[in-house]
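One structure is given here, and the rest of the page talks about it.
The values are calculated or read from the model by the stated rules, or taken from the named source; none is laboratory data. The structure presented is a predicted model; accordingly, all values stated were derived computationally and were not measured. Cβ sites come from the backbone with ideal geometry, for glycine too, and all protein chains shown count toward neighbours. These accessible areas exclude ligands, DNA and RNA; they are computed on the full protein's heavy atoms, side chains included. Shrake-Rupley method; radii C 1.70, N 1.55, O 1.52, S 1.80 Å.
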Amino acid sequence: MTGYDYYPGCSLKGTGKPYEESLLAVFGALGVGLDELEDWNCCGATAYMAVDELKAVALATRNLALAERSGKDLVAPCNACWLVLNKTNHRLEDDESLQRTVCSALGATCTVPNTADKEPLTYTGTVNVRHPLDVLVNDVGVDAIAEKVTKPLEGLTVAPYYGCQIVRPLSPFDDQDNPVTMDKLLGATGCTVLEDYPFKTRCCGASQMMTMPDVGLDLVSMLLEDAVARGADVIAVACPLCQFNLEGYQPKVSNLLGEKVNVPILYFTQLIGMAMGIDHKTLGLQRSFVKVEPVLAGRSAHE
Amino acid sequence: MSESNGTPRIGVYVCHCGTNIAATIDVFAAQVAAESMPGVTISREYKYMCSDPGQEIIKEDIRELGLDRVVVASCSPCLHEETFRNAIADGGINPYYFQMVNIREHASWVHKDKAAATEKAVDLIRAAVRRVRLHEPLEARRVPIEPKVMVVGAGIAGIHAALTMANAGKHVYLVEREPSIGGHMAMFDKTFPTLDCAACILTPKMTQVRAHPNIEIMTMSEVTEVDGFVGNYTVTVKHNPRYIIEEACVGCQECIDACVFRNGKTPDEFNLGLSKRKPIYMPFPQAVPQVVLIDPDGCIEFRTGKCKKTCVEVCADRNAIDFQQEVTFEDLNVGAIIIATGFKTFDATRVPRYGYGKFDGVYTALEIERLVNASGPTEGDIVMRDGRKPKSIGVIHCVGSRDKNTNEYCSRVCCMYSLKLSHLLREKTDAEIYEFYIDMRTPGKGFEEFYNRVEKEGVHFIRGKVADVYPEAGNTGKLVLQAEDTLAGMVRKIPVDMVVLATGLEPKDDAEDVRRTFNITCSGGGFFMERHPKLAPVSTFTDGVFLAGACQGPKDIPDTVAQAGAAAAEVLALVDAGFIELEPNTAFVVEEECSGCKTCVGLCPFHAIAYDNGKAHINEVLCKGCGTCVAACPSGVIRQNLFEDGEIFEEIVGVLTNA
Amino acid sequence: MTTEAMIRREADRDLEFAAWFTGLVGEEKLRECIHCGVCSGSCPLAGHMDFGPRKLMYLAREGFADDVLGSNTLWLCTSCYACTVSCPQQIPVTDVMYALKRKAIESGKAQKRHPVAVMAKGFTKMVRKRGRLTEGYLIAGLALRTGVHKYLGMAGMGINALRTGRISLRHDSIKRHDELTHLLDVVDQHREEVAAK
């Protein structure tokens, strides 16, 4: 099958490094190509739109223009990047004058990377921005993934946490109120999926964790408390910000709740990689603050 | 009667319609312009032509000036064509020597440019003046009305309408799709605001219906086709088998006891799946007719053919069970039809965040009606699906109503029935009850007082639409309702044992099919459309077909009964007149010239054209004057009264004179 | 708080702001708000805001610009879109919130020292200059501007992040960052031209 372009976004090169590592490892093992977009820039996330709408759209459009050249779909693993790029596509489609303004500015200033002859960048609106959940379930297929599972994660209970921006306001590849793509993928790994996790699409607080820690703590503790109460050993996530929020403050959450919370927060790609027998270092597991190895060991002690 | 000798004498009357026309059109200029049109004897303007003095002017002019054609330029013919035709008939000339010009809906109400609008009005008047010269003196045909009537749907609306008409001596066919009459009202426990027991006030009426010599009840029946026209409908009714011979069954229910199923396995429809029934069952204890029925999907005899048939054994002396019963069809002639097919409740799974179907503790309002009902699945005890008795209950208003994501309209009854359910639940359980509302809509008689009563009983009222329903942490089994308490200005998270969703009312799933069968229209929201929201709330645009009850729009029982009575009165007025006058704008075939090509026969939407002896023949009683065959005839030998080619061409010439 | 604070006179209303606000969404949709409160009810941050999105929209509609633009409500919104998908009048609440954020900054009425506003500014500056964010420096900048003492408690986590290679000390940058800066300037120019018309 034809490969995909890959838009990491700023977080996947930083706090979300394990996401990139496990994503590339899993796609590689499945034989699906992922080419990092040459000279991609920050998508603007939620912050830029709060300051300047036109510039925010221009920023995002540059990435789309870069991606259009290959004709391949663009995979954006971070939920926020995914939403920004998809929303930008919709806005350019709906608003002709916006499209003209942005594209003319783009053509007047930016050139195609890696070419000496200063070819101006253009965008005609044809890039499909996809989330890896979508690609893995709908293009590759759960069966193809299950076939590659050599070390099923039996006895591990995993709560699938989608976060908000891949189901709201757009939900092109999954159900808005009860998404199941991650559930399906996790099911293929052989683990026990916590299907009735009621907060699977509740907001984790995103960047408020950084800017207003008390507020963020409130949101995060609710998500953690419920998962733990339902018997989750691990929480699976699809976004670097969700991952950091759920993982980074567990000591504080433990204080708040009056009970010890020590739950590994793994990217769903890491879990798939583990089930495929890919070694933990390649999957970036050593970068976790809350390590999963003790949980895995504790589980086999029951068997 | 004044007839001219060849040169028509036309009177033209331009109406001001108050300011409706006069504010945009220069009616005086129009009147003057008409004076010089060919054949016009007199041209006048007047403030309200449709009024008595207005009509009197026309009649006087006919008498004094010997007019034999009249043109009135005013509003839509839908409103006053008949008024003026009657006026000129009164004045002594044939009513069809009349042409109405719409310079309101077609000119003053749709254009802002006064000069252009006036010019358009004058053009339209000129067209009418030219046309009316060619009008022929036609006679309206009278057709007798079939005195039998039909009511489709036997809920409270259908029941009340049927009784009213039956008491007036009419034979009523009461057609009901379910195995018993009674509709939704039979499922309710108490009704607001009086807390009358629904069954106690409904069952006497049901009994009256059963005993009435003029009412023929047809349950398990549906209307599949409607042919004909007002006063003379032929309705095809399909009778679905209940596998019981109705006349033989006495309702002893021994067959149910004897059934090989020791316990019911099929979800009981009347109890909304909260209890189970056997394949042979009585729809509900007070069913009319008091006859059981067999469900072929559940019955072993139907599924395998190898049942002991203990039911048949026990019914030996009456032999009422008949596994061979089949669908039958029947054609009935009726003069008028009342549609009272009712509503369906909103499917709460369409709002996933309220958890209906996902969490056991979430119920719809109708399910609660069955729970609190003494003849319901728990005999009136408030016991939840998991056996718990709720100590706290949340009631969520506007589920599937006032929401562009589901239904934009307000369902009208939910605020009141929520209050009622809160009252009943509190009475039975003493639970803490929280009603989450956006507005409290309590407009009827005694409604506001009932709201005050329930407030006094200690029910909490929180103004805020519930955003989310989720299980409480720590496996308590409770569900948390999260909403902004807008009046307090704070977000509240309230854990409750049971959640009640005040689901809205919707048209039934097959409303589209039903409306096509009866040739009526639907309004926004999908309910059947009344002819006029203020002045004709029970009529439809199809003469002879009337509406009653929630099928026309969400409403409570008092309004339903009132509307049913109104529909019955309209039917009685129609039928008691004895005859119907048919508009003579029908098409006819000039038979000598018909080549028998049959092009027209299949085209007629009203099946009015027959092919006989090589010629097409139009039944003028069935013909509605749509003009399809007239346009289609390749030989041009089909003509239409009031729409002759010559008349139409004159109109065209008149409109284009100054183009 | 004196009684005086709760009394508002018609002169306190900024009608231009109110008109700008209701014009944000086509066909006067913002006037269709029935104040059901489901936006505030579904908002994960509402309990921490000066007032939730419902009250914010109500105040904005009436023209109380200072209250609206000076609130922390705008800055607490995380764009989770729960309000937008719940609204029975299908009002795009989140998008309206973004517009209010921008207006707050433009008008100078925003809570300038609110950490989220500070972060947003730092974010745009870094992106404009280098085309990408380096998370560590973004947070450091935030801490410096809003009070390092608040972030001391997170020192442990910071060190952890450095140790596991999830925070880099090297600024990430795109190759053609000049072009990007130029792009943003040209966009500014165009906006000025359009405004001048």
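Some points to look at:
- Any hit, segment B:303-316, residues being under 30 Å from B:P204 (Cβ atoms), touching a residue at least 12 places away in the same chain (Cβ under 8 Å) and in contact with a Gly (Cβ under 9 Å, 6 or more places away or on another chain): no
- C:V96 vs. criteria part of a helix (DSSP H, G or I), hydrophobic (A, V, I, L, M, F, W, C) and facing another protein chain (nearest Cβ under 9 Å): no
- Note on segment C:14-45: among residues that are on the phi > 0 side of the Ramachandran plot and not acidic (D, E), the one that is surrounded by the fewest Cβ atoms within 10 Å (Cβ to Cβ) is C:H35.
- Boolean, B:E620 is under 20 Å from B:N102 (Cα atoms), touching a residue at least 12 places away in the same chain (Cβ under 8 Å) and in contact with a Leu (Cβ under 8 Å, 6 or more places away or on another chain): no
- Failed item, numbered, when A:S22 is tested on (1) in a helix (DSSP H, G or I); (2) within 12 Å of chain C (Cβ to nearest Cβ); (3) within 26 Å of A:A144 (Cα to Cα): (2)
- Filtered residue count, segment B:436-472, keeping only those that are touching a Phe, Trp or Tyr at 6+ places or on another chain (Cβ under 8 Å) and within 14 Å of another protein chain (Cβ to nearest Cβ): 11
- The residues in segment A:135-169 that are at pLDDT below 95, within 14 Å of chain C (Cβ to nearest Cβ) and out of contact with any helix residue (DSSP H, G or I) (no Cβ under 6 Å at 6 or more places or on another chain) can be counted, and the count is 1.
- Qualifying residue in segment B:120-138 (condition: within 29 Å of B:T586 (Cβ to Cβ), open to solvent by less than 10 Å² (accessible area, probe 1.4 Å) and assigned to a strand (DSSP E or B)): no
- Every residue from segment B:25-43 that is of a type in the set (A, V, I, L, M) and either open to solvent by less than 30 Å² (accessible area, probe 1.4 Å) or within 15 Å of B:A128 (Cα to Cα) (or both): B:I25, B:V27, B:A30, B:A33, B:A34, B:M37, B:V40, B:I42
Condition check ((1) assigned by TED's automatic domain parsing to the domain that holds A:D226; (2) closer than 16 Å to A:R130 by Cα; (3) open to solvent by less than 30 Å² (accessible area, probe 1.4 Å)) across all residues:
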{"site": "A:K151", "(1), (2), (3)": "yes, no, no"}
{"site": "A:Y162", "(1), (2), (3)": "yes, yes, yes"}
{"site": "A:Q165", "(1), (2), (3)": "yes, yes, yes"}
{"site": "A:P169", "(1), (2), (3)": "yes, yes, no"}
{"site": "A:D174", "(1), (2), (3)": "yes, yes, yes"}
{"site": "A:T181", "(1), (2), (3)": "yes, yes, yes"}
{"site": "A:K184", "(1), (2), (3)": "yes, no, no"}
{"site": "A:T189", "(1), (2), (3)": "yes, no, yes"}
{"site": "A:T192", "(1), (2), (3)": "yes, no, no"}
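- Selection from segment B:56-76 of residues that are within 19 Å of B:T19 (Cα to Cα) and buried (at least 18 other Cβ atoms within 10 Å of the Cβ): B:V72, B:A73, B:S74, B:C75
- Condition met for B:K389 (surrounded by fewer than 19 Cβ atoms within 10 Å (Cβ to Cβ), of a type in the set (K, R), modelled with pLDDT of 95 or more and closer than 29 Å to B:A186 by Cβ): yes
Yes/no per residue for (1) free of Cβ contacts under 8 Å to residues at least 24 places away in the same chain; (2) among the small types (G, A, S); (3) not assigned by TED's automatic domain parsing to the domain that holds B:N102:
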position	(1), (2), (3)
B:D26	no, no, no
B:S36	yes, yes, no
B:G54	no, yes, no
B:I62	no, no, no
B:L67	no, no, no
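- Selection from segment C:114-168 of residues that are in a helix (DSSP H, G or I), small (G, A, S) and at the interface with chain A (Cβ under 7 Å from one of its Cβ atoms): C:A120, C:A161
- One residue stands out in segment B:473-523 among those that are open to solvent by 50 Å² or more (accessible area, probe 1.4 Å) and within 10 Å of another protein chain (Cβ to nearest Cβ): the one that is nearest to the chain's Cα centre (by Cα), namely B:L487.
- The condition of being under 26 Å from the mean Cα position of the chain (by Cα) and either assigned to a loop (DSSP other than H, G, I, E, B) or within 26 Å of B:L174 (Cα to Cα) (or both) holds for only one of B:K308, B:K344, that being B:K344.
- Taken over segment A:201-248, the residue count meeting the criterion of being without any contact (Cβ under 8 Å) to a residue 60 or more places away in the chain, facing another protein chain (nearest Cβ under 8 Å) and outside any helix (DSSP H, G or I) is 4.
- One residue from B:L332, B:L371 being in a helix (DSSP H, G or I) and crowded, with 16+ Cβ neighbours inside 10 Å: B:L371
- Exactly one residue out of B:V571, B:V575 is touching a Lys or Arg at 6+ places or on another chain (Cβ under 7 Å), modelled with pLDDT of 95 or more and farther than 30 Å from B:R130 by Cα: that is B:V575.
Here's the yes/no breakdown for (1) surrounded by fewer than 19 Cβ atoms within 10 Å (Cβ to Cβ); (2) of a type in the set (V, I, T); (3) within 12 Å of chain C (Cβ to nearest Cβ); (4) under 13 Å from the mean Cα position of the chain (by Cα):
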site: A:Y4; (1), (2), (3), (4): no, no, no, no
site: A:F27; (1), (2), (3), (4): no, no, no, no
site: A:A56; (1), (2), (3), (4): no, no, yes, no
site: A:T61; (1), (2), (3), (4): no, yes, yes, no
site: A:L83; (1), (2), (3), (4): no, no, yes, yes
site: A:S104; (1), (2), (3), (4): yes, no, yes, no
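- Restricted to helices (runs of 4 or more DSSP H) entirely inside segment C:21-91, those with at least 2 residues that are at the interface with chain B (Cβ under 8 Å from one of its Cβ atoms) are C:38-42, C:53-62, C:82-86.
- Residue, surrounded by the fewest Cβ atoms within 10 Å (Cβ to Cβ), within segment C:96-127, restricted to residues that are hydroxyl-bearing (S, T, Y) and over 22 Å from C:G141 (Cα atoms): C:S107
- The set of residues in segment A:137-193 being under 24 Å from A:D233 (Cβ atoms), in contact (Cβ under 8 Å) with a residue 40 or more places away in the chain and of a type in the set (V, I, T) consists of A:V137, A:V142, A:I145, A:V149, A:T150, A:T157, A:V158, A:I166, A:T181, A:T189.
- C:R130 being of a type in the set (K, R), farther than 26 Å from C:Y81 by Cα and surrounded by fewer than 19 Cβ atoms within 10 Å (Cβ to Cβ): no
- Among the residues listed as C:H190, C:H171, C:H182, the single one being assigned to a loop (DSSP other than H, G, I, E, B) and either within 14 Å of chain B (Cβ to nearest Cβ) or of a type outside the set (F, W, Y) (or both): C:H171
- Sole residue being without any contact (Cβ under 8 Å) to a residue 60 or more places away in the chain and among the acidic types (D, E), chosen from B:D123, B:D90: B:D90
- Output for segment B:97-119, where each listed residue is within 13 Å of B:A30 (Cα to Cα) and open to solvent by 90 Å² or more (accessible area, probe 1.4 Å): B:K114, B:E119
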